[in-house]
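Student: Here it is, the structure in full.
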Amino acid sequence: MNVLLIYPEFPDTFWSFKHALKFIHKKAALPPLGLLTLGAMLPEKWSKRLVDLNVTNLTEKDLEWADYVFISAMVVQKNSARQTISRCKEAGLKVITGGPLFTSEYEEFEDVDHFVLNEAELTLPVFLADLERGYARRVYKTSEFCDIRKTPAPMWGLADLKRYASMSIQFSRGCPFNCDFCNVTALFGHRPRIKTAEQIIAELNGLYDLGWRGPVFFVDDNFITNKRYLKTQLLPALIEWQKDRRGVPFYTEASVNLADDEPLMEMMVEAGFDMVFIGIETPDEKGLAECNKMQNKNRDLVENVKRIQRTGLQVQGGFIVGFDSDTLSIFQRQIDFIQQSGIVTAMVGLLQAPVGTRLYERLKQEGRLLGHTSGDNVDGTTNIIPKMDLNALREGYKEIMRSIYSHKHYYKRVKTFLSEYKAPKIQHHLDFQRLLAFFRSNIRLGIFGKERFQYWKLLSWTLFRRPELFSLAITLAINGYHFRKICELYIL
């Protein structure tokens, strides 16, 4: 049996980093972790090929070779997924799909032969057994959650690692919180499930043995849900693992209560973590209460962010406008918060209601839904009818993006961050591509870029004040170029 594992293409989005990746000659930020894990779950005797449309093309030879096609996608990849399904069906291939897009919207894909939904650890074995007997059903789904301690390590060998800027692994699934706009708990439940430290070390060894020395993203939606296990098992194992190897930097996602636990933050930094994404959402207490973001309430969020960054973890932040309680003042408040906190990578989006969330069900009952979400957090669209005038909301949102990603405000924010950030213990591997990125940024940003004055001013300041962060300053300048390109595409 010959099987193609196809990952649809991402559009040009905030998190695609397409414009930044050109500086280091990479094609995509991350490999398709779900498909690589699925590959390890399929029968060993099957021949498998990965076709990640973000780094390569789907050829006629691929289609002629294959007997079956497995496609996994997120909502933002919907258009590419449709095109890929259509092409595979024209080639006479059986198409099996799974992943977040199909789990939430499978009724919209008539051409798919089989849907293997929810967690493949539970639904895939049933599908494979039925397939072997010759009577596979069209839809396989479950409301149960698997034990990820039994999940196999991804088949890294299927991917061309040189095409990617980072690798990804997963330690946990699920989140104990109940934010009403978030579909994480709908997909993975409220009870966090974790892999063992031994599993994580084995996965890292697999990557390291293949020659990977770059960053590794722990894709957990909330890495710190089991602090006790982190402190007693995983982080000590990671610290020990780093000792015998050339340092590999890690980054992840967490809730803002990470700021309350200084020993945990210090252990994470010692283990190699240097960055964490946190859902801030809004500085407005009414907005936090409205979306049930209780873990963010009654806090000095700016100080929490700075405390995390002073420990050695750069904070990337998620922000939302469009809550029912928002007034016209929220736009400037968001700008002020982002600038004061020094959150360089600030993802700001209009409120959206994904299928399966409490927000979706509430707005459906109120008759305030406008179809499905685009899956793109920063394209300026929403699938809800807001309480605020929609034109005012859109214009206010555009003003936020124009402001925080203007040359002046962006570079000022980078300087605010670098002024307080504690240099990471493990520096990113300085390879030939990163050296080229430095020279490319000097030309594109420092000579031809509209931001050349701010660029050279930042590099000069960093060189004399924080020389240990010089490489990071260049990376953030390059990322800023990407973010401005996204603003030009969707906002300006």
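Student: In region 371-386, how many residues are exposed (fewer than 14 other Cβ atoms within 10 Å of the Cβ) and either modelled with pLDDT of 95 or more or in contact with a strand residue (DSSP E or B) (Cβ under 7 Å, 6 or more places away or on another chain) (or both)?
Tutor: Result for region 371-386: 1.
Student: Please find, within region 145-197, the residue that is farthest from F218 (Cα to Cα) out of those that are in contact (Cβ under 8 Å) with a residue 40 or more places away in the chain and of a type in the set (S, T, N, Q).
Tutor: N178
Student: Hey, another quick one. Taking the condition charged (D, E, K, R) and over 18 Å from I280 (Cβ atoms), does K306 pass?
Tutor: no
Yes/no per residue for (1) outside the structural domain of S374 (by TED's automatic domain parsing); (2) loosely packed, with under 14 Cβ neighbours inside 10 Å:
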position	(1), (2)
T97	yes, no
P100	yes, no
E108	yes, yes
D111	yes, yes
L124	yes, no
I148	yes, no
M155	yes, no
S172	no, no
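Student: Within region 298-317, restricting attention to residues that are in contact with a strand residue (DSSP E or B) (Cβ under 8 Å, 6 or more places away or on another chain) and among the β-branched types (V, I, T), which residue is surrounded by the fewest Cβ atoms within 10 Å (Cβ to Cβ)?
Tutor: The extreme case among them is I308.
Student: Any residue at all in region 322-331 that is buried (at least 22 other Cβ atoms within 10 Å of the Cβ), at pLDDT 95 or above and closer than 30 Å to L469 by Cα?
Tutor: The answer is no; no qualifying residue exists.
Student: Yes or no: T357 touching a residue at least 40 places away in the same chain (Cβ under 8 Å) and closer than 30 Å to A271 by Cα? Please lay out each step first, then the result.
Tutor: Details: touching a residue at least 40 places away in the same chain (Cβ under 8 Å): yes; closer than 30 Å to A271 by Cα: no.
No.
Student: When region 282-337 is examined, which residues are found to be assigned to a helix (DSSP H, G or I), within 28 Å of I385 (Cβ to Cβ) and basic (K, R)?
Tutor: K286, R333
Student: Tell me whether region 155-166 contains one or more residues that are within 20 Å of the chain's Cα centre (by Cα), over 20 Å from T225 (Cβ atoms) and in a strand (DSSP E or B).
Tutor: Looking through region 155-166, at least one residue is within 20 Å of the chain's Cα centre (by Cα), over 20 Å from T225 (Cβ atoms) and in a strand (DSSP E or B).
Student: Follow-up. In region 168-186, which residues are closer than 18 Å to E144 by Cβ and either among the polar types (S, T, N, Q) or within 15 Å of the chain's Cα centre (by Cα) (or both)?
Tutor: The first filter runs over region 168-186 and keeps only residues closer than 18 Å to E144 by Cβ, leaving 172-175, 183-186.
Of everything in region 168-186, those that are closer than 18 Å to E144 by Cβ and either among the polar types (S, T, N, Q) or within 15 Å of the chain's Cα centre (by Cα) (or both) turn out to be S172, R173, N183, V184, T185.
Student: Looking only at helices (runs of 4 or more DSSP H) that fall completely inside region 386-491, which ones have 3 or more residues that are within 22 Å of the chain's Cα centre (by Cα) and not small (G, A, S)? Write out each step before concluding.
Tutor: On the way: elements: 390-404, 407-420, 432-444, 452-465, 470-490.
Those helices (runs of 4 or more DSSP H) span 390-404, 407-420, 470-490.
Student: Just to be sure, is V112 in contact with a Gly (Cβ under 7 Å, 6 or more places away or on another chain), β-branched (V, I, T) and outside any strand (DSSP E or B)?
Tutor: Spelling it out, it is not the case that V112 is in contact with a Gly (Cβ under 7 Å, 6 or more places away or on another chain), β-branched (V, I, T) and outside any strand (DSSP E or B).
Student: A further question follows. For region 279-288, check the following and say yes or no: at least one residue is under 21 Å from K227 (Cα atoms) and modelled with pLDDT of 95 or more.
Tutor: yes
Student: Also, quick follow-up: Any chance region 337-353 includes a residue that's in the same structural domain as R310 (by TED's automatic domain parsing), within 26 Å of the chain's Cα centre (by Cα), farther than 30 Å from K412 by Cβ and touching a residue at least 24 places away in the same chain (Cβ under 8 Å)?
Tutor: Yes.
Student: Is there any pair linking a residue in region 208-227 that is of a type in the set (G, A, S) to one that is not in a loop (DSSP other than H, G, I, E, B), with Cβ under 6 Å and at least six apart or on different chains, and which?
Tutor: none
The values are calculated or read from the model by the stated rules, or taken from the named source; none is laboratory data. Everything numeric here is computed off the predicted structure, so don't read it as measured data. Using ideal geometry, Cβ is built from the backbone for each residue, glycine included, and neighbour counts are taken over all protein chains shown.
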